[in-house]
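The values are calculated or read from the model by the stated rules, or taken from the named source; none is laboratory data. Worth saying up front: this structure is predicted, and the values here are computed from it rather than measured. Counting neighbours? That spans all protein chains shown, and the Cβs are built from the backbone with ideal geometry, glycine included. Side chains are part of the model used for accessible areas, which takes the heavy atoms of the whole protein and leaves out ligands, DNA and RNA. Shrake-Rupley method; radii C 1.70, N 1.55, O 1.52, S 1.80 Å.
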Amino acid sequence: MPLCTLRFAVAALFTTLMAGAALAADRSGAAADAAADRLAHEVFGQLIGINTTDSAGNVTTAAEAMAQRFLAAGFPAADVVVAGPEERKKNLVVRLRGTGKHRPVLLIGHLDVVEARREDWSTDPFQLVEKDGYFYGRGVLDMKSGDAIMVAALLRLKQEGYRGSRDIILALTADEEGGCCNGVEWLVRNHRPLIDAEFALNHDGVVGYSITSDHGVPQQFALSATEKMYGDYQLTVTNRGGHSSLPRPDNAIYELAAALLNINRYTFPFELNDITRGYFERMATVGRGQTAADMRAITRTPPDGEAMARLARDPELNSMMRTTCVATRLEGGHANNALAQRAQAVVNCRILPGHSKEEVRQELMRVLNDPAITVRYVADDGAISDTAPEQRALPPSPLLPQVVEPLERTTAAIWPGLPVVPFMNASETDGIYTRAAGIPTYGVAGIAVDRDDVRAHGRDERVRVASFYTGNAFFYRYLRALTAQ
């Protein structure tokens with residue numbers, strides 16, 4: 001055989017072998033992905049089936065069920081810890097050990113869910129139901145989908161024998177939604193070495209998702225790096241009362257109603273921080289029309305007032321520009337035929353980073369400008385005090401390149417062209433405890449939800465089936481990218 005013919009034959013054989021190897025690798029990867037989806041679905045269904053509400057549920061049951069999965073997968077018992085201050089409120093901490101080249105990454109997710117009554121739902125809220133392209137059940141969005149995805153990712157990495165550049169710590173915890181014993185807070189105070197990390201990823205994201213979509217088409221990936229602080233305030237008006245047949249101008253209910261209208265008309269000052277400024281600047285480059293122009297206009301110095309007013313018509317955008325307060329509960333009177341002797345309302349506020357709960361209480365008093373109305377602080381446990389704590393909402397976490405760069409690469413691979421934008425949560429998550437402990441924390445979840453179909457905490461909570469599985473693939477790939485070097 002001539003030498004040139006032999007070379008051609010060898011090259012052709014090599015090409016064929018390489019193509020065959022690539023095809024085998026693709027098939028192997030697809031099979032592994034399919035197995036990971038089956039595992040995530042199995043864990044998802046198990047978690048939804050365990051009632052973890054504060055009233056009648058048991059978080060410990062869910063924590064122990066997940067612990068058994070990790071132990072069965074070969075995790076050392078010393079790296080699977082179930083602990084907590086109360087029998088029904090125990091937390092799970094699992095460690096997948098890496099090479100130790102870098103400090104660990106901490107993954108956090110809460111196992112508890114808000115209340116759900118069967119009579120309010122079209123399906124059983126404590127059974128994972130798949131219909132019409134959606135998963136239904138209490139916690140399918142907030143946030144047992146994320147819990148299942150994180151559990152599946154660690155189990156898959158363990159099965160593959162993966163050792164990344166840093167330990168991966170998973171903490172599944174109690175009482176994020178309320179209750180006696182917040183798990184992240186308890187772990188930070190009592191078992192800091194178990195969860196100490198260079199940074200944390202909170203799969204709670206924006207109540208369980210990070211991708212906003214329109215009719216199933218992703219629009220943006222929100223990297224949450226800061227959040228507002230929660231604060232409740234009680235407004236009270238008292239009156240001598242009397243017989244309802246002899247009404248007077250001084251009426252506790254009317255006075256309180258007028259006060260609430262004053263709060264409704266009041267707008268807290270416009271304020272951007274590094275994260276929200278980055279959000280508007282980034283969204284202005286990918287948006288179009290008047291909204292994009294207005295986003296550019298509010299980031300200038302001074303910001304454009306008319307642009308600010310137009311953007312504020314969107315509740316989500318308005319929440320990113322200022323502290324907000326809204327009346328959420330109202331009660332008054334003691335009999336249908338009597339003038340009210342007392343009227344009360346609860347005003348819930350979401351406070352921008354850098355401002356304190358007492359500062360907001362003082363501002364509410366200034367807005368009301370009525371000494372007859374008392375404004376008192378309502379603590380998380382329901383205790384009411386004349387003044388609020390001086391606690392301030394924490395500053396944003398820095399946008400660390402070791403977090404952002406792998407995120408942008410992974411996002412681009414799964415959703416080409418989807419912008420990753422810095423974001424501020426209007427709601428409060430367990431990230432307040434990790435940030436307070438000096439651990440930079442980021443909300444990251446590869447689940448997409450339509451902006452007009454966010455049913456977290458509501459009736460018939462749901463998430464798209466395809467979104468769950470894409471989120472499962474995303475998080476596994478992101479963890480590998482995050483710990484590759």
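Listed highest first by mean packing, meaning other Cβ atoms within 10 Å per residue, what order do 219-228, 402-411 come in?
The peptides rank, most packed first, as 219-228, 402-411.
Mind listing the long-range amide H neighbours of Y442? Cut-off is under 5 Å, sequence gap 5 or more, other chains count too, H placed in the peptide plane at 1.01 Å from N.
A200, L201, N202
Could you give each residue of the range 41-46 its phi-based ³J(HN,Hα) in whole Hz, using Karplus coefficients 6.51, -1.76, 1.60 with θ = phi - 60°, and x for Gly or Pro?
Ordered by residue, 3J(HN,Hα) equals 5, 4, 5, 4, x, 4 Hz.
Quick one: angle between helix 357-368 and the longest Cα principal axis of the chain, in degrees between 0 and 90, rounded to 10, please.
40
Round to a whole number: what % of the accessible area of the range 335-485 belongs to carbon and sulfur, probe 1.4 Å?
Summing carbon and sulfur atoms, their accessible area is 50 percent of the total for the range 335-485.
Quick one: putting +1 on the C-beta of Lys and Arg, -1 on the C-beta of Asp and Glu, what dipole do you get for the chain around its Cα centre, in Debye to the nearest 20?
1100
Over the range 354-396, average the accessible area per residue using a 1.4 Å probe and give it in Å², no decimals.
On a per-residue basis, the range 354-396 sits at 57 Å².
Of all DSSP beta bridges located in the chain, what percent are antiparallel, nearest 5?
70
Report, in listed order, any pair from K90/K357; K90/K228; K228/K357 with a Cα-Cα distance greater than 19 Å.
Those over the limit are K90/K357; K90/K228.
Work out the charge dipole of the range 347-485 with +1 on the Cβ of Lys and Arg and -1 on the Cβ of Asp and Glu about the Cα centre, then indicate which of T434, P422, T410 is farthest towards its positive end.
Highest projection toward the positive end goes to T410.
Near K89, which lysines are there with a Cα under 17 Å away, not counting those fewer than 8 places off in the same chain?
K144
Rolling a 1.4 angstrom probe over the protein heavy atoms, how many square angstrom per residue are accessible across the range 36-143?
Accessible surface, normalised per residue, equals 41 Å².
Arrange the peptides 324-336, 429-441, 97-109 so that the one whose residues have, on average, the most other Cβ atoms within 10 Å appears first.
Ranked from most to least packed, the peptides come out as 429-441, 97-109, 324-336.
Roughly how many whole Å is it from the C-alpha centroid of the range 123-143 to that of the range 382-461?
First find each Cα centre; the distance between them is then 23 Å.
Work out from phi, with θ = phi - 60° and the Karplus expression 6.51 cos²θ - 1.76 cosθ + 1.60, the ³J(HN,Hα) of each residue of the range 224-230, listed in order in whole Hz, and give x for Gly and Pro.
6, 10, 7, 7, 6, 9, 8
Just how large is the dipole of the range 408-485 about the Cα centre, in debye to the nearest 20, putting +1 at every Lys and Arg Cβ and -1 at every Asp and Glu Cβ?
260
Under a 5 Å amide H to amide H cut-off, with H placed in plane at 1.01 Å, what residues pair with H355 once short-range neighbours are removed?
Those lying under 5 Å, H to H, from H355 are A393.
Just to confirm a number: summing +1 for Lys and Arg and -1 for Asp and Glu over residues other than Q46 whose beta-carbon lies under 12 angstrom from that of Q46, what do you get?
So the surrounding residues net to -1.
Taking θ = phi - 60°, what integer Hz values does the Karplus form 6.51 cos²θ - 1.76 cosθ + 1.60 yield along the range 470-485, in sequence order, with x for Gly and Pro?
Those phi angles translate into 5, x, 5, 5, 4, 5, 4, 5, 5, 4, 5, 5, 5, 10, 6, 10 Hz.
Taking amide H atoms as placed 1.01 Å from N in the peptide plane, list the residues 5 or more away in sequence, or in a different chain, whose amide H sits under 5 Å from that of L223.
Amide H to amide H, under 5 Å and 5 or more residues apart or across chains, L223 pairs with V421, F423.
With a 1.4 Å probe and all protein chains left in place, how much accessible area per residue does the range 418-485 have, in Å²?
That works out to 31 Å² for each residue.
Please name whichever of P104, A63, T238 sits farthest to the positive end of the charge dipole of the chain, dipole taken about the Cα centre and charges placed at Cβ: Lys and Arg +1, Asp and Glu -1.
Result: P104.
What are the aspartates and glutamates whose alpha-carbon lies under 14 Å from the alpha-carbon of K101, with same-chain residues fewer than 8 places away excluded?
K101 reaches D167, E198.
Mind putting a number on the dipole of the range 262-341 about its Cα centre? Charges go on the C-beta only, +1 for Lys and Arg and -1 for Asp and Glu, and I need it in Debye to the nearest 20.
120
In the range 45-102, carbon and sulfur make up what percent of the accessible area (probe 1.4 Å)?
Carbon with sulfur: 50 percent of the solvent-accessible area.
What ranking, highest mean first, results for peptides 175-188, 70-83 when packing means the other Cβ atoms within 10 Å averaged over each residue?
175-188, 70-83
In the range 154-199, carbon and sulfur make up what percent of the accessible area (probe 1.4 Å)?
In the range 154-199, the share of accessible area belonging to carbon and sulfur is 42 percent.
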